[in-house]
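This is the structure I want to talk about, given as structure tokens.
The values are calculated or read from the model by the stated rules, or taken from the named source; none is laboratory data. The shown structure was predicted, so the numbers you read here are calculated from the model rather than taken from an experiment. Note that we place each Cβ from the backbone using ideal geometry, even for glycine, and neighbour counts take in every protein chain shown.
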Amino acid sequence: MKHLLKMSDLSTEEIIDILNLADQLKYELKHNIPHTNILKGKTLGMIFQKASTRTRVSFETGMYQLGGYPLFLSSNDLQIGRGEPVQDTARVLSRYLDGIMIRTFEQKEVENLAEFGNIPIINGLTDYAHPCQVLADLMTIREYKNSFDGLKMCFIGDGNNMANSLIVGGLKVGMEVAVACPEGYRPADDVMKFASKYDCFTITDSPAEAAKNADVLITDVWASMGQEGEAEKRRKAFAGYQINDDIMALAKPDAMVMHCLPAHREEEITSKVFEEHSTEIFEEAENRLHAQKAVMVKLMAD
């Protein structure tokens, strides 16, 4: 494991290894067992071309807790925002930093950083993939359900970066995965090709069908960052693609609900369901910190 660019880069063993380390780091933090020597003297550059709450705070805090130094870099702070080729930026930053986390639009930009740089690259989010969030999601599922064996994960909503990464991650750890999204908003072609090899994967335009007997229900906003101009069009396309009491009644009685946040209550999820499952949703948000610390340790520790 040289980088974390997308979930398909990770083997099942690597995913489980990251989750085990995340559990350990979480335990140590909760019990005041210091681990500030792990990345002592290391610097993580954090490039943000998309704004963030959870990504910035969790990476910055995590790097500090591991003894390293986080360096926030907005696109306004870098020549990359003024047209410098990403390959030049990669080669320069590789001489200053020990790792880069980037949150941006195009997956190609992340891939180029990894190709032309010689330090670990972490994908903090692109329009195609959100591997850090999905590692936190898998961590949370395992915390609540103890194992992935026999579980059904249901995703309802846009076939976006979250759907792409959840499908790959969920199938790799052995869960049944069901996805409900409208025609025209399906996951990426390469993800669908990957998923087609699994008998335990289904895709449908029926949220009710996807949610039947689910152990885990997950959703995301209908219009992601950068899609604000499509908000009204998407609101019509996704009408009915909501986690609500009717959908919950089709899932297993002890089903958990997760959301990567921010949530648009009464659109993709009702306020009632959100608050009833707020414990696991905010545990999921916290686990971004622990999962990402595990990734940084795997990639950047000596």
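Return the residues of the range 209-224 that are buried (at least 24 other Cβ atoms within 10 Å of the Cβ) and in a loop (DSSP other than H, G, I, E, B); say none if nothing qualifies.
Passing the criteria: A214, D220, W222.
Table: residues versus (1) under 25 Å from E275 (Cβ atoms); (2) of a type in the set (A, V, I, L, M, F, W, C); (3) in contact with a Gly (Cβ under 6 Å, 6 or more places away or on another chain).
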{"site": "F155", "(1), (2), (3)": "yes, yes, no"}
{"site": "G159", "(1), (2), (3)": "no, no, no"}
{"site": "I167", "(1), (2), (3)": "no, yes, no"}
{"site": "E183", "(1), (2), (3)": "no, no, no"}
{"site": "A211", "(1), (2), (3)": "yes, yes, no"}
{"site": "E232", "(1), (2), (3)": "no, no, no"}
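Something else about it: Among the residues of the range 252-282 satisfying the criterion of being in a helix (DSSP H, G or I) and free of Cβ contacts under 8 Å to residues at least 24 places away in the same chain, which is farthest from L135 (Cα to Cα)?
Looking at residues that are in a helix (DSSP H, G or I) and free of Cβ contacts under 8 Å to residues at least 24 places away in the same chain, I get S271.
Follow-up question, since we're still on this one. If I ask for residues that are closer than 20 Å to Q107 by Cα, in contact with a Cys (Cβ under 8 Å, 6 or more places away or on another chain) and without any contact (Cβ under 8 Å) to a residue 60 or more places away in the chain, which ones from the range 161-178 would you list?
If the condition is that a residue be closer than 20 Å to Q107 by Cα, in contact with a Cys (Cβ under 8 Å, 6 or more places away or on another chain) and without any contact (Cβ under 8 Å) to a residue 60 or more places away in the chain, then A163 is the only one that fits.
Then there's this: Quick one: count up the residues across the range 179-194 that are under 22 Å from E230 (Cα atoms), in contact (Cβ under 8 Å) with a residue 60 or more places away in the chain and not in a strand (DSSP E or B).
Looking only at that region, the number is 2.
Is it the case that some residue within the range 30-38 is farther than 24 Å from D302 by Cα and not acidic (D, E)?
yes
Provide a single number: the residues in the range 18-48 that are touching a Leu at 6+ places or on another chain (Cβ under 9 Å) and closer than 26 Å to V168 by Cα.
The number of residues fulfilling the criteria is 8.
Which residues, counting only those in the range 176-206, are crowded, with 24+ Cβ neighbours inside 10 Å and touching a Lys or Arg at 6+ places or on another chain (Cβ under 7 Å)?
Residue satisfying the conditions is A178 alone.
For the range 187-202, indicate whether the set of residues that are β-branched (V, I, T), at pLDDT 95 or above and over 17 Å from H277 (Cβ atoms) is non-empty.
yes
Name the residue, out of A114, A136, that is small (G, A, S), within 20 Å of the chain's Cα centre (by Cα), outside the structural domain of Q242 (by TED's automatic domain parsing) and part of a helix (DSSP H, G or I).
Matching residue, one of A114, A136: A114.
In the set I102, I141, which member is in contact with a strand residue (DSSP E or B) (Cβ under 8 Å, 6 or more places away or on another chain) and not in a helix (DSSP H, G or I)?
None of the other options fit; the residue is I102.
Within the range 283-302, identify whether any single residue is assigned to a loop (DSSP other than H, G, I, E, B) and touching a strand residue (DSSP E or B) at 6+ places or on another chain (Cβ under 9 Å), and answer yes or no.
no
Collect the residues in the range 145-166 that are assigned to a strand (DSSP E or B) and either surrounded by fewer than 24 Cβ atoms within 10 Å (Cβ to Cβ) or among the hydroxyl-bearing types (S, T, Y) (or both), keeping them in residue-number order.
K152
Identify the residue in the range 57-94 that is touching a residue at least 40 places away in the same chain (Cβ under 8 Å) and not hydroxyl-bearing (S, T, Y) and, among all such residues, is surrounded by the fewest Cβ atoms within 10 Å (Cβ to Cβ).
Q65
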